[in-house]
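J.: One structure follows; several queries about it will come next.
The values are calculated or read from the model by the stated rules, or taken from the named source; none is laboratory data. Just so we're clear, the structure is a prediction, and the values are computed from it rather than from any experiment. Neighbour counts run over all protein chains shown; Cβ positions are idealised from the backbone, glycine included. Heads up: the accessible areas ignore ligands, DNA and RNA and are worked out on the full protein's heavy atoms, side chains in. Shrake-Rupley method; radii C 1.70, N 1.55, O 1.52, S 1.80 Å.
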Amino acid sequence: MTNYIIRRLLLVPVLLAGVTLIIFGMLQLLGPVERSALYVVDFPKNEKQIDAVIKRYGLDDPFFVQYWRWLVGVQRPDTQGNIVRDGGILYGDFGYSRTASQEVIDIIKNRFPNTLDLALWTIFPMLSVGIWMGVKAAVNQNKFFDQAARIYSIIGTSFPTFVFGLLLLMLLYANNQWFLPGKMSDWVSILIYSGEFKQYTHLLSIDALLNLRLDIFWDALRHMIMPIITLSYISWATFVRVTRSSMLETLRMDYVITARSKGLKEADVINKHARPNAMLPVVTMMGGSIVGLLGGVVITETVFNYPGIGKAAADAAAQLDVVTILGLAIFTGLILIISNLVVDILYAFIDPRVRLS
Amino acid sequence: MTNQLLNVRGLETQFNTPEGIVHAVNGVSFSLDEGETLGVVGESGCGKSVTMLSCLKLVPMPPGKIVAGHAFFKGEDMLTMDNDEIRKVRGAQISMIFQDPMTSLNPVMSIGKQMAEPLMLHLGITKEQARNRSIELLEMVGIPQAADRLKDYPHQYSGGMRQRVMIAMALSCMPQILIADEPTTALDVTIQAQIVDLVKRLREELGMAIIWITHDLGVVASIANRVSVMYGGFIIEEAPVKDLYAEPLHPYTIGLLNSLPKINREERQRLYSINGMPPMLFKKPKVCPFAPRCEFVKDHCWQENPVLESYGRDGHRVACWVDVTSGRER
């Protein structure tokens, strides 16, 4: 087990190098002249100015020289003449976002807790209900619940998120104002700026609970429920499909008949023998869903005006803010790698064939 | 007469498939006495396994359905028992081992846990007692370092070892009947022999009755007292093991025995095989199901399905219109 985890951990830097190489490589598909546009504010008056920018930032250096510089930054004198490091994503310097008027790393710091907050509240209903429906559908194959779950699964996977989101907004916000878009009500943000409200984790709902402020907690939930429903209904549809087919396959396995022939209760046969085996492909898919949630759910966050990573990426993309997009892409890559690591380790816990090989 | 343990009467099982209803078992009757070993032979798809699974209501339902018959275990019909009642029979009084030991153990549960389940369930003993009993059982079936191997998972055992575990688990609650569904088919020849010897030894020690399903006539000869031959969802011949091999009365049994390679046969002779294919059971056979492949076939065979009747020596029963010794209709 320890061996297995160490081997997986050793892979992480390799994967990270791969991710950064690909992302940087994509940027390099643009020529030096095009990339020089990222460094100037005004239109250059002549070609000489462009050449000067290219020369100053080494935009026509060999690929790996530029890549290395991008990773570790360069040493430059600052206004006082001290030598300081400039740039370098390894030091967390992803550049400056001109559209958001802040460092990209600050965008991540400000927005990611919101995405995490939403993901936290989505993962539990997403997994528990989705898996429950899938197992129940498989056990009652071809009966009413199964047919209903299958119809739902088809509708859920084919109904576009933005349409569903807009419908929710219309029903639950425009008509009734039961639930709200955005992140928090004005009075909450005033409270936070006043400093009275201690931000332990920067996850609003968790902080509200830690401050014992149920009114703020309710406000946070009111803003998150519509995105939670939207995210859940798609995930449920896919989880039902995968869990159901995996469970049906498992129920046909010989060891399920063995379990029955031992005289076990049908509930034990399903819960102790069939379901743990059926969960293996579901865990793999779970990894993908969690990456999706943490890496920013662009459409859902945009529809509900929820200030998370996905909304930030959408805003940056709409304004052709290449620097921000690159920074967020690397951050998403990092999340992907970490989530896959977690899934692999989780997999080893469930499946002894992985753990002990 | 010794005590009758199992008495199956007129069992019929069907499967609903997208292509239509498959009549897998079409009225099978047999019985099993205390301490007896019954061999059930027949080719793949003849209904051997489904018959035995049906007795314990282990046929997956749906698509399977037991449409008729009774399966009396010590006088009580298992087919009319509710789920709780039959669960007390399964594993405790009648247990099963299966064809493929690679797939019949749960891959994500340790051997010790899988073995403890029936012990704790049927004998009501504690985890610790179940553990000790499991070690004894594993030693009984010849697994070395049994105590250390309880925490291992099925994939850490070889095929033969897994089948030994299955046997140990099946016998853990001292059942009166062990149903072995082709337990040696998936194993290589030397391991097959070991498993057969193991079951014989355990039969001596524990005295349970055995139903041994197989398509290997050699294995049956070495282990069974009595043999039933199945074809197309029917039992077509039933006899004490010696009589069956000495004077088979059904053309199908004769064909089966002739298709065995013989050690004293002349070289370069083609091995005998029965012509044609086993029947597709989308319709319940109304005439003799073997008629299309039979070398002795008469007009009567195409009109009526023969029933199992006594002929020849005591206890020898056959379902055939033709007397194979004379080649004439009975």
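J.: What would the Debye formula give as log10 I(q)/I(0) at q = 0.15 Å⁻¹ for the alpha-carbon point model of chain A, no solvent?
T.: Result of the Debye calculation: -1.32.
J.: Stretched out fully, how many nm does the piece from A:Ile155 to A:Thr284 gain, at 0.36 nm a residue minus the Cα gap?
T.: 44.1 nm
J.: Report, as an integer, the average count of C-beta atoms from other chains found within 10 Å of each Cβ along B:95-106.
T.: Mean shielding by partner chains, rounded to a whole number: 4.
J.: What number do you get for segment A:147-209 when its Cα radius of gyration is normalised by 2.2 N^0.38 Å, N = residues?
T.: Relative to the 2.2 N^0.38 Å estimate, segment A:147-209 comes out at 1.66.
J.: Moving to a separate point now. Averaged over every viewing direction, what's the projected area of the C-alpha convex hull for segment A:53-150? Give it in nm², one decimal, please.
T.: Quarter of the Cα hull surface area: 11.8 nm².
J.: Please state, rounded to one decimal and in Å, the Kirkwood hydrodynamic radius that segment A:236-332 gives when every pair of distinct Cα atoms enters the mean of 1/r.
T.: The Cα-based Kirkwood calculation yields 16.3 Å.
J.: If you average the C-alpha positions of segment A:218-258 and of segment B:1-61 separately, how far apart do those two centres end up, in angstrom?
T.: If we compute the Cα centre of each part, the gap is 39 Å.
J.: Turning to a different aspect of this structure: How about B:Lys113: which aspartates and glutamates have a C-alpha closer than 19 Å to its C-alpha, ignoring those fewer than 8 places off in the same chain?
T.: Here the aspartates and glutamates satisfying the reach criterion relative to B:Lys113 are A:Asp254, A:Glu266, A:Asp268, A:Asp351, B:Glu128, B:Glu136, B:Glu139, B:Asp148, B:Asp152.
J.: So if I restrict to the alpha-carbon atoms in segment A:185-245, what is the Rg, and what is Dmax, the biggest pairwise distance, in Å?
T.: That works out to 16.0, 53 Å for Rg and Dmax.
J.: Continuing with this model, one more query. Ignoring solvent entirely, what values of log10 I(q)/I(0) come out of the Debye formula for the protein assembly as shown at 0.06, 0.09, 0.11 Å⁻¹ when each Cα is a single scatterer?
T.: Here the Debye-derived log intensity ratios amount to -0.56, -0.90, -1.12.
J.: Please compute, for the alpha-carbon atoms of segment A:23-83, the extent along each of the three principal axes and give them in descending order in Å.
T.: 31, 29, 17
J.: Give, as ranges by residue number, the residues of segment B:241-265 whose backbone N falls under 19 Å from the point 7 Å along Cα→Cβ of B:Glu309.
T.: Only B:248-253 fall inside the zone, counting backbone N under 19 Å.
J.: So for each of A:184-190, A:312-318 I average, over its residues, the number of other beta carbons within 10 Å; can you give me the resulting order with the highest mean first?
T.: A:312-318, A:184-190
J.: Pairs of alpha-carbon atoms within less than 8 angstrom and 6+ residues apart define the contacts here; what relative contact order does chain B have, in percent?
T.: Rounded, it is 20 percent for chain B.
J.: Could you work out the pair-distance distribution P(r) of segment B:1-102 from its alpha-carbon pairs, with 5 angstrom bin width and percents rounded to whole numbers?
T.: Answer for segment B:1-102: a P(r) of 3, 11, 22, 24, 21, 12, 5, 1, 0, 0 percent.
J.: Restricting things to alpha carbons, tell me how big segment A:267-311 is in terms of Rg and Dmax, in Å.
T.: Both quantities, over Cα of segment A:267-311: 16.4, 46 Å.
J.: Here's something else I'd like to know. Using r as the Cβ-Cβ distance of B:His155 and A:Lys55, and R0 as 51 Å, what FRET efficiency do you calculate, to the nearest 0.05?
T.: 0.25
J.: Above 22 Å lies some portion of the pair distances; for segment A:144-255, what is it as a whole percent of all C-alpha pairs?
T.: 53
J.: How far is helix B:111-122 tilted, in degrees, relative to the longest principal axis of the Cα atoms in chain B, given as a value from 0 to 90 rounded to the nearest 10?
T.: 80
J.: So what's the Cα pair-distance distribution over segment A:1-45, bin width 10 Å, in %?
T.: Binned Cα distances yield the sequence 22, 27, 22, 15, 10, 4, 0.
J.: For the charge dipole of the protein assembly as shown, defined by +1 on Lys and Arg C-beta atoms and -1 on Asp and Glu C-beta atoms about the Cα centroid, which residue among B:Ala147, B:Ser29, A:Gly288 has the Cα displaced farthest towards the positive pole?
T.: Of the listed residues, the answer is A:Gly288.
J.: Accessible area of segment B:1-76 with a 1.4 Å probe: how many percent of it is carbon plus sulfur?
T.: Carbon-and-sulfur percentage of accessible area, whole number: 52.
J.: Right, here's the next one. Give me Rg/Rg_expected for segment A:94-140, where Rg uses Cα atoms only and Rg_expected = 2.2 N^0.38 Å with N residues.
T.: Here the answer is 1.95, to two decimals.
J.: Here's something else I'd like to know. Please give the charge dipole size of segment B:116-257, origin at the Cα centre, charges +1 on K and R Cβ atoms and -1 on D and E Cβ atoms. Round to the nearest 20 debye.
T.: That gives segment B:116-257 a dipole magnitude of about 400 debye.
J.: Oh, and also: Between Rg and the Kirkwood Rh of chain B, both from Cα atoms, what is the Rg to Rh ratio?
T.: 0.99
J.: Let me ask something else. Please report Rg (one decimal) and Dmax (integer) in Å for the Cα set of segment B:67-195.
T.: 15.4, 48
J.: Let me ask something else about it. Exposed loop sites here are trypsin sites (Lys or Arg not before Pro) in DSSP loop states with at most 12 other C-beta atoms within 10 Å. What is the longest stretch of chain A lacking them?
T.: Of all site-free stretches, the longest is A:253-357.
J.: Here's another thing I want to ask about it. Exceeding 26 Å between C-alpha atoms, which entries from my cross-link table qualify? They are A:Lys262/B:Lys48; B:Lys57/B:Lys127; A:Lys265/B:Lys151; B:Lys88/B:Lys284; B:Lys57/B:Lys283; B:Lys200/B:Lys242.
T.: Result: B:Lys57/B:Lys127; B:Lys88/B:Lys284 exceed 26 Å.
J.: Right, something else. Could you work out the relative contact order of segment B:276-323? I mean the mean sequence separation of Cα pairs under 8 Å and 6+ apart, divided by the number of residues, in percent.
T.: 30
J.: For A:260-273, what's the mean count of beta carbons from other chains sitting within 10 Å of each residue's beta carbon?
T.: Across A:260-273, the average partner-chain Cβ count within 10 Å equals 6.
J.: Ratio of Rg to Rh for segment B:75-146, alpha carbon only, Kirkwood?
T.: Rg/Rh for segment B:75-146 comes to 1.02.
J.: Expressed as a whole number of Å, what is the distance separating the alpha-carbon centroids of segment B:118-177 and segment B:224-239?
T.: Using only Cα atoms, the two centres lie 32 Å from each other.
J.: Along each principal axis of its Cα atoms, how long is segment B:191-230 end to end? Whole angstroms, biggest number first, please.
T.: So the three principal-axis extents are 29, 22, 12 Å.
J.: Taking Cα atoms, how many degrees apart are the long axis of helix A:47-57 and the longest axis of chain A, rounded to 10 and kept between 0 and 90?
T.: 60
J.: Stick to the Cα atoms of segment B:197-310, pair each with every other, and give me the Kirkwood hydrodynamic radius in Å at one decimal.
T.: About 16.2 Å for segment B:197-310.
J.: Can you give the Kirkwood hydrodynamic radius of segment B:130-176 from its Cα pairs, in Å with one decimal?
T.: Every distinct Cα pair counted, the radius reaches 10.7 Å.
J.: Still on this structure: Run the helix sum for chain B: -39,500 (n - 2.57) per DSSP H stretch of 4+ residues, divided by residue count, reported at 222 nm to the nearest 500 deg cm²/dmol.
T.: Value at 222 nm, helices only: -8500 deg cm²/dmol.
J.: Summarise the partner chain shielding of B:51-61 as one whole number: the mean count of Cβ atoms from other chains within 10 Å of each residue's Cβ.
T.: 2
J.: Right, next: At 0.36 nm per residue, minus the direct Cα-Cα distance, what do A:Phe162 and A:Leu191 gain on full extension? Give it in nm, one decimal, please.
T.: The A:Phe162-A:Leu191 span can extend by a further 7.2 nm.
J.: Starting at 0 and stepping by 10 Å, how many percent of the alpha carbon pairs of segment B:120-241 end up in each bin?
T.: With a bin width of 10 Å, the distribution comes to 11, 40, 32, 13, 3.
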